[in-house]
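Here it is: the structure, laid out below.
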Amino acid sequence: MATVLVTGATGFVGRRLVPALLDAGHDVRAMTRHPETYDGPGEAVGADVMDAESLRPAFDGVDVAVYLVHSLDDPDFERKDADAARHFSAAAAEAGVRQIVYLGGLGDDRRALSAHLRSRRQVEKLLSKDGVPVTVLRAAIVVGHGGISWEITRQLVKNLPAMVVPRWVSTRTQPIAVDDVVRYLAGVVDHPDATGRVFEVGGSEQLTYKEMLEIANDVAGSRPLPIVGVPLLTPRLSSYWLALVTDVDATTGRNLIDSMSTEVVVTDTSIRDVVPGEPLSYRESVRRALAERDRASGSG
């Protein structure tokens with residue numbers, strides 16, 4: 001078993017991954033900028049990926065580091081994410097870490113990628129620049145309570161009697177349950193067959209965004225949801241529209257929407273050779289996300 005450092009330990013994926021790694025028998029350090037307020041499992045360690053010096057003590061004795069941070073809510077997110085990855089790579093190499101695990105973005109490199117997905121690819125490269133082998137899991141939309149992409153879907157379905165939507169609703173994607181993301185992340189940690197490899201991860205179905213909205217609406221038990229496409233609704237206007245009808249800020253919305261015009265589906269299923277098991281369906285992913293929200297709000 002390994003000593004594993006998890007960045008973003010209080011975030012959407014990190015707070016689920018820490019207990020999964022502990023259950024697998026690893027020693028876990030939960031990295032956060034505010035260790036004094038951390039009340040989750042594992043050993044809290046204070047560090048900030050934007051502060052290179054703070055990373056040194058956090059890495060002391062670490063075997064595997066899981067990188068789950070991003071700056072999508074910042075207009076200058078590409079520069080910030082690149083700087084953070086450089087700091088992390090150097091600190092991991094200095095500490096003798098034997099593996100970095102990174103949750104990146106799914107997308108075909110042969111096509112034009114959005115700024116969001118280009119940044120994810122750049123982070124992949126920068127994390128490995130100092131010689132530590134990197135295991136990358138590339139995912140599209142991750143479905144679960146508290147996830148930004150899922151919250152956009154949930155709030156659109158909940159708040160609107162009908163939708164006038166951009167042309168990106170016809171783009172295919174392959175959403176994945178956060179439970180499956182955590183299972184894959186935990187499965188590749190310190191796994192010899194995963195070291196230095198890139199894996200594509202997705203749920204059991206390839207769906208358009210329109211189909212995702214319709215299924216989410218059906219699972220929620222809501223009224224029929226008319227959806228009308230408007231080809232001229234630009235990414236910038238789409239982000240303002242999202243900011244009006246959801247609580248997702250326009251900067252984050254714009255960065256995500258830019259990626260929604262790019263088809264992102266799994267073409268390589270080799271992750272199942274390393275971490276066996278069938279992924280959940282989108283319908284089941286939605287059901288679990290809504291049930292967790294009900295429990296968190298005390299209404300379930």
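The values are calculated or read from the model by the stated rules, or taken from the named source; none is laboratory data. Since the structure is predicted, the reported quantities are computational estimates derived from the model, not experimental observations. Glycine gets a Cβ as well: all are built from the backbone with ideal geometry, and neighbour counts include every protein chain shown.
Regarding Ala194, is this residue modelled with pLDDT under 95 and either of a type in the set (A, V, I, L, M) or crowded, with 21+ Cβ neighbours inside 10 Å (or both)? Please lay out each step first, then the result.
Working: modelled with pLDDT under 95: no; either of a type in the set (A, V, I, L, M) or crowded, with 21+ Cβ neighbours inside 10 Å (or both): yes.
When the stated conditions are applied, Ala194 does not pass them.
Need a quick list: strands (runs of 3 or more DSSP E) entirely within the range 1-99 having at least 2 residues that are within 22 Å of Leu137 (Cα to Cα), out of contact with any Leu (no Cβ under 9 Å at 6 or more places or on another chain) and not charged (D, E, K, R).
On the way: elements: 3-6, 27-32, 43-46, 64-67.
Ranges flagged: 3-6.
Something else about it: Give the residue, chosen from Asp48, Asp23, Asp27, Asp63, that is over 21 Å from Ala186 (Cα atoms) and not basic (Lys, Arg).
Details: Asp23 fails: over 21 Å from Ala186 (Cα atoms); Asp27 fails: over 21 Å from Ala186 (Cα atoms); Asp63 fails: over 21 Å from Ala186 (Cα atoms).
Just one listed residue meets the conditions, Asp48.
Continuing with the same structure: Identify all residues within the range 195-219 that are in a loop (DSSP other than H, G, I, E, B) and either on the phi < 0 side of the Ramachandran plot or in contact with a strand residue (DSSP E or B) (Cβ under 6 Å, 6 or more places away or on another chain) (or both); write none if there are none.
Here is the first cut: in the range 195-219, the ones in a loop (DSSP other than H, G, I, E, B) are 195-197, 202-206.
Across the range 195-219, the qualifying residues are Thr195, Arg197, Gly202, Gly203, Ser204, Glu205, Gln206.
List pairs: first residue in the range 20-36 and under 21 Å from His70 (Cβ atoms), second residue among the β-branched types (Val, Ile, Thr) and in a loop (DSSP other than H, G, I, E, B) anywhere in the structure, Cβ distance under 8 angstrom, at least six positions apart or on different chains.
Sorted first by the residue in the range 20-36, then by its partner, the pairs are Leu21/Val189; Arg29/Val62; Ala30/Thr10; Met31/Thr7; Thr32/Thr10.
Which residues, taken from the range 76-109, are within 19 Å of Gly131 (Cβ to Cβ) and free of Cβ contacts under 8 Å to residues at least 24 places away in the same chain?
The answer is Gly96, and nothing else.
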